[in-house]
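The values are calculated or read from the model by the stated rules, or taken from the named source; none is laboratory data. These figures come from a predicted structure and were not determined experimentally. Cβ coordinates were reconstructed from backbone atoms using ideal geometry, including for glycine residues, and neighbour counts include every protein chain displayed.
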There are 2 protein chains.
Amino acid sequence: MRIAQIAPLTESVPPRTYGGTERVVSYLTEELVAMGHDVTLFASGDSITDAKLEAIWPQALRFDSTLRDAMAPSMLMLEKIYQHAHEFDILHCHLDYWPFSLLSRQPTPYLTTLHGRLDLPEIAPVFDCFPDAPLVSISDMQRRPLPQGNFVGTVYHGLPPDLLTPQPMQRDYLAFLGRICPEKSPDRAIRIARAAGMKLKIAAKIDRVDKLYFEEVIRPMIDGDQIELIGEIGDAEKPAFLSGAKALLLPIDWPEPFGLVMIEAMACGTPVIAFPAGSVPEVIDHGVTGFIVHDEAEAVTAISRLHETSPTAIRRRFEQRFTARRMAEDYVALYRRLAVKSRPALRLVT
Amino acid sequence: MRIAQIAPLTESVPPRTYGGTERVVSYLTEELVAMGHDVTLFASGDSITDAKLEAIWPQALRFDSTLRDAMAPSMLMLEKIYQHAHEFDILHCHLDYWPFSLLSRQPTPYLTTLHGRLDLPEIAPVFDCFPDAPLVSISDMQRRPLPQGNFVGTVYHGLPPDLLTPQPMQRDYLAFLGRICPEKSPDRAIRIARAAGMKLKIAAKIDRVDKLYFEEVIRPMIDGDQIELIGEIGDAEKPAFLSGAKALLLPIDWPEPFGLVMIEAMACGTPVIAFPAGSVPEVIDHGVTGFIVHDEAEAVTAISRLHETSPTAIRRRFEQRFTARRMAEDYVALYRRLAVKSRPALRLVT
């Protein structure tokens with residue numbers, strides 16, 4: 001199929017550092033190319049891809065320090081998408097509701113993967129306005145606040161299978177991987193590790209907006225011995241970090257729409273001990289790839305049951321459920337469904 | 001005519017405090033209603049108007065503390081404008097280039113007043129994309145960086161004639177009115193007043209982003225006696241503040257597209273001593289409504305020539321050139337021109 005992947009311009013595809021959406025767009029794009037599709041990636045010019053790159057702006061907006069009006073590149077992008085729409089069988093957008101007004105008024109089938117949380121009250125009126133815009137959720141839980149949305153499917157994220165693999169390591173600590181922020185509850189992770197009498201390694205970035213939270217709440221809890229902060233890590237360091245962990249702790253306190261870190265752990269054969277918010281109950285197979293717990297005491301109990309899980313079985317489940325190929329195949333199935341559906345309407349027009 | 005005025009949602013119309021664009025949209029809207037037109041104002045729900053109010057969002061976005069995704073209301077607005085476009089003879093937008101993609105694909109004539117500076121490099125590619133979108137500049141100087149734009153006219157801003165009027169005051173100080181920020185050069189104003197041996201009263205707001213500049217550069221120059229900071233003032237205080245001034249100092253260091261403060265001073269019969277940036281040479285009639293000066297020494301010389309100007313003559317020039325009625329009539333002339341032009345295209349469609 002002739003497929004347009006349309007990414008936000010904030011980060012390159014893949015992102016230079018952090019950027020969940022752009023990472024997933026990259027995995028999907030490269031996998032679709034590998035499957036033989038004719039893929040064009042609309043993204044910032046510093047993106048790296050085997051697809052055709054339609055560079056809307058020379059570099060990722062977040063790193064363009066000369067930029068004062070950040071809306072200009074995005075509005076330009078919407079116009080370019082509209083102008084090129086007829087060259088594709090399907091337009092796959094990752095720009096939230098931004099292109100709905102335009103794309104709902106042209107004949108090429110399109111769909112939008114929603115990457116963010118959907119429970120902000122201000123977005124409901126926008127979706128009320130576009131009851132027909134085809135949407136994809138990244139977990140079933142994510143779409144609950146928008147019953148009026150035309151969700152055509154849930155497609156869980158996936159990773160290239162060779163990106164992160166189990167390493168031959170002694171598993172002797174608990175791991176926390178992500179951002180230091182109240183929603184991710186690193187304080188809970190620290191208390192759980194202490195109660196279990198285990199070492200906790202925290203691999204995390206600290207955004208500017210979370211500096212105060214870190215200084216006031218988290219830093220005093222870090223002793224550098226039992227509780228250790230090792231800073232931000234990239235894909236190169238993740239296999240060793242995750243393969244050395246007995247479990248990943250994910251004691252989140254917000255409806256995380258997906259949570260890539262869970263499948264990163266699984267890819268390394270590492271079980272996840274998670275609180276049941278957002279996508280957690282859909283991603284974790286309780287007792288196989290980890291444990292879903294409801295409070296810190298249950299988390300400590302789960303730690304004592306970690307021997308019931310097996311790195312091999314966890315990795316196998318990852319390969320069954322969360323590879324980029326599975327993700328790409330799910331999307332292609334949706335593309336075909338939408339492309340077929342749109343044919344009668346096209347006939348009416350021509 | 002059936003006219004849609006389409007305002008940004010950031011501030012109400014008129015704005016509660018600061019907000020040049022929304023103030024002008026308010027003056028224009030009310031004047032068009034007074035002239036007998038059928039006007040609909042698309043704006044935030046806390047706007048106050050004699051036109052029909054199409055409330056896109058309950059309150060101005062700047063004061064909606066619950067809002068986390070500020071794009072949602074704006075995207076909703078673009079869609080609503082498109083949906084209602086056919087109800088109007090003309091759509092007058094004040095949303096920069098945001099609606100171009102949509103409005104260029106529907107038959108109702110539209111035009112956009114550009115209220116901001118146009119010399120940011122990132123906006124040129126957007127205007128390249130829309131060579132036919134009808135634009136209005138608020139000064140001839142403003143449009144220079146966009147020679148590719150389809151400018152159908154320049155319309156200077158105007159004020160309701162009774163909003164600010166000359167008050168019977170002793171004129172015994174120099175005035176600075178606006179924001180404290182490097183572009184407006186309050187430091188120059190202070191040095192000019194000192195060199196002229198005159199009192200300077202500064203009526204200004206200080207935005208968060210300019211706090212450091214104020215603390216480091218300006219505050220040390222304020223002695224509270226010769227140089228006095230009186231804080232932010234509203235329309236109620238402006239007539240006395242401006243009528244008590246021998247002149248308004250406008251030693252700007254940026255291409256200000258218009259500069260409402262100049263015509264506010266003129267409305268009070270107060271001459272303006274200004275540096276020739278942006279719209280200044282178009283707005284100030286040198287020797288009549290003020291003096292255009294090129295450095296601080298020339299400004300001091302101009303102060304010694306202020307007796308050559310006359311408050312009555314200045315007020316008269318204001319009434320000739322800068323009332324809301326003159327502004328509204330200019331716009332109606334453009335509306336009619338665009339509406340006539342669009343008729344053949346409309347016939348083809350129907």
### Task
Read through the list (1) within 25 Å of A:ALA324 (Cβ to Cβ); (2) within 14 Å of chain B (Cβ to nearest Cβ); (3) surrounded by fewer than 23 Cβ atoms within 10 Å (Cβ to Cβ), then give the number of the only condition that A:LEU102 fails.
(1)
### Task
For B:PRO58, work out the one condition from (1) surrounded by fewer than 20 Cβ atoms within 10 Å (Cβ to Cβ); (2) touching a strand residue (DSSP E or B) at 6+ places or on another chain (Cβ under 7 Å); (3) not aliphatic (A, V, I, L, M) it doesn't fulfil.
(2)
### Selection count, segment B:206-235, where residues are of a type in the set (Lys, Arg) and under 12 Å from B:PRO186 (Cα atoms)
1
### Task
Just give me the residues in segment A:134-148 being aliphatic (A, V, I, L, M), touching a strand residue (DSSP E or B) at 6+ places or on another chain (Cβ under 6 Å) and either free of Cβ contacts under 8 Å to residues at least 40 places away in the same chain or within 14 Å of chain B (Cβ to nearest Cβ) (or both), in sequence order.
A:LEU135
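This table checks each residue for (1) within 14 Å of chain B (Cβ to nearest Cβ); (2) free of Cβ contacts under 8 Å to residues at least 60 places away in the same chain; (3) under 30 Å from B:LEU103 (Cα atoms).
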position	(1), (2), (3)
A:ALA43	no, yes, yes
A:ILE56	yes, yes, yes
A:GLN59	yes, yes, yes
A:ALA72	yes, yes, yes
A:LEU78	yes, yes, yes
A:GLU87	no, no, yes
A:CYS93	yes, no, yes
A:TYR97	yes, yes, yes
### Query
Does at least one position in segment B:52-63 carry a residue that is modelled with pLDDT of 95 or more, hydrophobic (A, V, I, L, M, F, W, C) and either touching a helix residue (DSSP H, G or I) at 6+ places or on another chain (Cβ under 8 Å) or under 26 Å from B:ALA339 (Cα atoms) (or both)?
yes
### Query
Only one of A:THR108, A:THR113 is modelled with pLDDT of 95 or more, crowded, with 22+ Cβ neighbours inside 10 Å and in contact with a His (Cβ under 7 Å, 6 or more places away or on another chain); which?
A:THR113
### Task
Name the single residue, out of those in segment A:61-70 being more than 9 Å from chain B (Cβ to nearest Cβ) and not basic (Lys, Arg), that is surrounded by the most Cβ atoms within 10 Å (Cβ to Cβ).
A:LEU61
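Scan segment A:192-209 residue by residue and report those that are of a type in the set (Asp, Glu) and at pLDDT 95 or above.
none
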### Task
Inspect segment B:189-199 for any residue being away from chain A (no Cβ under 14 Å), part of a loop (DSSP other than H, G, I, E, B) and basic (Lys, Arg) and give the result as yes or no.
yes
### Enumeration of residues in segment B:150-167 that are surrounded by fewer than 21 Cβ atoms within 10 Å (Cβ to Cβ) and of a type in the set (Val, Ile, Thr)
B:VAL152, B:THR154, B:THR165
### Message
I'm checking my understanding of the structure. Among residues of segment A:105-117 that are under 22 Å from A:ILE138 (Cα atoms) and within 10 Å of another protein chain (Cβ to nearest Cβ), which one is farthest from the chain's Cα centre (by Cα)?
### Response
A:ARG117
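Please note which strands (runs of 3 or more DSSP E) are completely contained in segment B:67-165 and include at least 1 residues that are touching an Asp or Glu at 6+ places or on another chain (Cβ under 8 Å).
Here the list reads B:110-113, B:150-154.
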### Options B:PHE130, B:PHE151: the member that is farther than 22 Å from B:GLU22 by Cβ and within 14 Å of chain A (Cβ to nearest Cβ)
B:PHE130
### Task
Only residues that are over 18 Å from A:PRO255 (Cα atoms) and touching a strand residue (DSSP E or B) at 6+ places or on another chain (Cβ under 8 Å): list them for segment A:180-196, please.
A:ILE190, A:ILE192, A:ALA193, A:ARG194, A:ALA196
### Task
Answer yes or no: is there a residue in segment A:24-41 that is in contact (Cβ under 8 Å) with a residue 40 or more places away in the chain, of a type in the set (Ser, Thr, Tyr), crowded, with 21+ Cβ neighbours inside 10 Å and closer than 21 Å to A:GLY153 by Cβ.
yes
### Residue in segment A:207-219 that is outside any helix (DSSP H, G or I) and in contact (Cβ under 8 Å) with a residue 40 or more places away in the chain present
no
#### Entry: Residues of segment B:298-316 classified as free of Cβ contacts under 8 Å to residues at least 60 places away in the same chain, over 18 Å from B:PRO168 (Cβ atoms) and surrounded by fewer than 18 Cβ atoms within 10 Å (Cβ to Cβ), total
5
